[in-house]
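Bear in mind these aren't lab numbers, they're just calculated from the coordinates by the rules spelled out. Predicted model only: the values in this text are computed from it and were never measured. Cβ sites come from the backbone with ideal geometry, for glycine too, and all protein chains shown count toward neighbours.
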Amino acid sequence: MVTLCQTALPRIVAMRAFRALPYAVCVLALAGAGACSSASPEPGAGGATGVVSTGSVKRLAVTISGTTVTPAPAQVDLPIGSTLELVVTSDHDDELHAHGFDVEAQLKAGAPTTLRLTATEAGAYEVETHDPALTLLTVAVR
Ligand SMILES: [Cu+2]
């Protein structure tokens with residue numbers, strides 16, 4: 001996983017630099033006129049949109065369109081011993097990577113891909129794509 005992420009690093013850095021641009025504009029506007037104060041609302045703790053719980057299994061369907069992730073990236077609480085079934089559908093081919101769980105999958109454009117993540121060790125783990133680098137959600141294992 002580390003190796004893979006390192007190979008993806010230049011792309012990710014380029015992406016971050018690209019993303020930093022509108023952010024810088026936003027900060028300038030903030031300093032000037034107090035704009036940008038209407039940031040998106042804080043996701044409720046563990047109350048991530050779209051998560052359906054059935055016993056010890058949680059399910060979440062995520063759609064990626066370009067760089068837009070739906071539902072918006074949030075934190076999903078996952079008690080140790082329970083499983084998150086993540087169904088990801090992207091409009092482009094991509095790599096899906098669940099940090100901490102060390103699970104990777106190839107995304108094929110338009111084809112739903114299911115990841116089963118079983119919580120074993122407490123921590124906060126990001127699930128991301130690599131091309132482009134997007135965070136889909138953070139899994140909080142407790
Ligand atoms: Cu990764």
Residues with amide H under 5 Å from that of residue 82, placed H, sequence gap 5 or more:
119
Quick check: net charge around residue 111, other residues with Cβ under 15 Å of its Cβ, Lys/Arg +1 and Asp/Glu -1?
-3
The answer for the net charge of residues other than residue 84 whose Cβ lies under 11 angstrom from its Cβ, with Lys and Arg +1 and Asp and Glu -1, is +1
Taking 0.36 nm per residue of separation and subtracting the Cα-Cα distance, what length does fully extending residue 111 through residue 80 add?
8.2 nm
Along the charge dipole of the range 42-141, Cβ charges K/R +1 and D/E -1, which of 123, 86, 98 sits furthest on the positive end?
86
Net charge contributed by nearby residues that have their C-beta within less than 13 Å of residue 137 (K/R +1, D/E -1):
-2
Mind computing the radius of gyration and Dmax over the alpha-carbon atoms of the range 42-141? Å is fine for both.
12.4, 34
What is the range 47-106 by shape, rounded, prolate or oblate, if you read a ≥ b ≥ c off the alpha carbon gyration tensor as root eigenvalues and call it rounded for a/c under 1.5, prolate for a/b larger than b/c, and oblate otherwise?
oblate
